[in-house]
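Worksheet: one structure, shown below.
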Amino acid sequence: MDETQRLLIVGAGPCGLACARELDRLGHRNWRLLEAAGEVGGLARSIRDPAGFTWDLGGHVVFSHYRAFDALLEEVMGEDVLRHERSSYVRSGDVWVPYPFQNNLRHLPEPVLRECLDGLANAPGGDLDGDFASWLTATFGPGITRHFQAPYNTKVWATEPARMQSRWIGERVAVIDYARAAAAVRAGEDDLGWGPNHTFTFPRQGGTGEIYRRMAAPLADRILLNAEVVGIDPSARALGLGDGARLSYDALVSTAPLNRLVASIAGVPPEIADAAAGLVHNTVYMVGVGYRRPLWDDRSWLYFPDPDVPFYRVTNFAKYAAANVPGGATDRYSSYMTETASSTARPVSRRGLEERVLAGLVRVGLAEPDTAVASVHVEEIPYAYPVPTLGRDAALNRIQPWLEAQGILSRGRFGTWRYEIGNMDHAVQMGIEAARRLIRGEPETVLSGPAPLPQPG
Ligand SMILES: Cc1cc2nc3c(=O)[nH]c(=O)nc-3n(C[C@H](O)[C@H](O)[C@H](O)COP(=O)(O)OP(=O)(O)OC[C@H]3O[C@@H](n4cnc5c(N)ncnc54)[C@H](O)[C@@H]3O)c2cc1C
């Protein structure tokens, strides 16, 4: 593309912003970024509630596989970040088991420990071509599967593991063999270091969204907020906004959810429309609870497989940064950010959610019944996790080539609908690579491999 050609980017989340920024770096300033919301950051934005607590849209931690992402963080955040060591636990029955659960079985009551170890000893090993439920049992045995993996994954995805495939797993699920698990039990030692997010950084102020606010600032003259793309006509290379405006383009990069992108395009063949309509996602409710009580908990985040507890994860958000509570006063305030997942297959009622979450926090021992609540803030995240269902890859293999043939690059967490490349570092790298491909013809690597190492998150 040359400078006379206009590039439009849909979505000012990490991917769209990284794409725009890279275009400027490559000297191509003829772009516009269209964002439906009134602010930048997408799923990685942060909110300050009326009581002065800061919340992310669910627990975000920053870790990276890409030098470009590291460089970006360094450039926009400098020293304005805090560095943490992960301290993470799974609540199993009434005990806290250090994460990963399967590496730290010694904390379980004797009969459960036996069941988990015996199952692991006889587990034949998982087949990535099978469904996720079969993979879990074959990899971990029935004990670990029953006590943690199956209930936890069912909660977080709001999807039965039998409806999911296993190819996405990569490093996102810690796999352990019997010898290592048994040795950890015998040694009476915790095995805590698994996964690259065992250390992570977090912005000193403003939550995760601070990264993207800073990244957007020098680009602001060409970012249009409250500009929802509602229709695309690829043959005319034009798109329409919610307010009726029509913009033409030479190239289009979209980070909108793939199913909604396809639904907005004129003249989509039925097999593409059907493939897109079959993609599955969950919805997450972030319920942030601010307490008028000093920060007492030293842990980072906690997992809850128990189906009777509404949330699947809780982040000790005051611990991430003191600025996440009013006035930075962790001697007076603390805060827990909870995540509860819902889907059409496993819906969670919005009614009474706040009360259920408050009761859940008491039930799991994170608050007392009389702990003074300073704030309860709810954010609905309609598109939270793109679910790797059994039919996902076949659908993507139809949709993506068709979009490319229409001159549309669909990138980012929901633009690719691939959870395994759905973290912020992947999204940023994809945005950078889309820009380099359009301007310089360089091949993209995140989409096509060599596979980046996926992370939990
Ligand atoms: C609960 C949760 C926890 C997470 N934890 C982590 C973590 O710990 N670490 C990590 O690295 N990542 C984490 N992530 C993932 C991270 O949020 C994403 O990687 C990142 O935000 C994806 O960026 P994106 O630009 O691809 O998409 P998005 O952030 O989804 O941005 C897309 C943007 O497009 C806009 N848009 C959509 N449709 C239109 C339209 N029609 N017109 C105009 N604009 C439109 C949206 O408003 C949005 O701003 C988590 C995500 C969730 C939901």
**Prompt:** Okay, helix-only estimate at 222 nm for the chain: each DSSP H run of n ≥ 4 adds -39500 (n - 2.57), divide by all residues, round to 500 deg cm²/dmol; what do you get?
**Reply:** -9000 deg cm²/dmol
**Prompt:** In a solvent-free Debye calculation with one equal scatterer on each Cα, what is log10 I(q)/I(0) for the chain at q = 0.07, 0.09, 0.12 Å⁻¹, listed in the order of the q values?
**Reply:** -0.36, -0.60, -1.07
**Prompt:** Using the heavy atoms of the protein chains alone and a 1.4 angstrom probe, what is the accessible area of the range 100-187 per residue in square angstrom?
**Reply:** 40 Å²
**Message:** So, R0 is 45 Å and r is the distance between the beta-carbons of ALA174 and ALA372; what FRET efficiency does that work out to, to 0.05?
**Reply:** 0.75
**Request:** Send over the Kirkwood Rh of the range 28-108, from the inverse of the averaged 1/r over different Cα pairs, rounded to one decimal Å.
**Result:** 17.0 Å
**Request:** Loop only per DSSP, at most 14 neighbouring Cβ atoms within 10 Å: give me the trypsin sites (Lys or Arg not before Pro) in the range 63-139, ordered by residue number.
**Result:** none
**Asked** Taking N as the number of residues in the range 281-386, what is its Cα Rg relative to 2.2 N^0.38 Å?
**Response** 1.05
**Message:** Let me make sure I get this right: for the range 77-189, a, b and c are the square roots of the gyration tensor eigenvalues over alpha carbons, sorted descending. Under 1.5 in a/c it's rounded, otherwise prolate if a/b > b/c, else oblate. Which is it?
**Reply:** oblate
**Asked** When only alpha-carbon atoms count, how far does the range 166-303 stretch along each of its three principal axes, as whole angstroms with the largest first?
**Response** 68, 42, 27
**DSSP-loop GluC sites (Glu not before Pro) across the range 1-50, with at most 13 other Cβ within 10 angstrom** = GLU3
**FRET efficiency, 1/(1 + (r/R0)^6) with R0 22 Å, evaluated for ALA266 and GLN5 via beta carbons** = 0.50
**Prompt:** How big is the charge dipole of the chain about its Cα centre, in debye rounded to the nearest 20, if each Lys and Arg gets +1 on its Cβ and each Asp and Glu gets -1 on its Cβ?
**Reply:** 380 debye
**Complete:** With +1 at each Lys and Arg Cβ and -1 at each Asp and Glu Cβ, the charge dipole magnitude of the range 301-365 around its Cα centre, to the nearest 20 debye, comes out at 100 debye
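The values are calculated or read from the model by the stated rules, or taken from the named source; none is laboratory data. For clarity, every value in this text was computed on a predicted model and none was experimentally measured. We place every Cβ from the backbone using ideal geometry, glycine too, and count neighbours over all the protein chains shown. Accessible surface areas use protein heavy atoms only, side chains included; no ligands, DNA or RNA. Shrake-Rupley method; radii C 1.70, N 1.55, O 1.52, S 1.80 Å.
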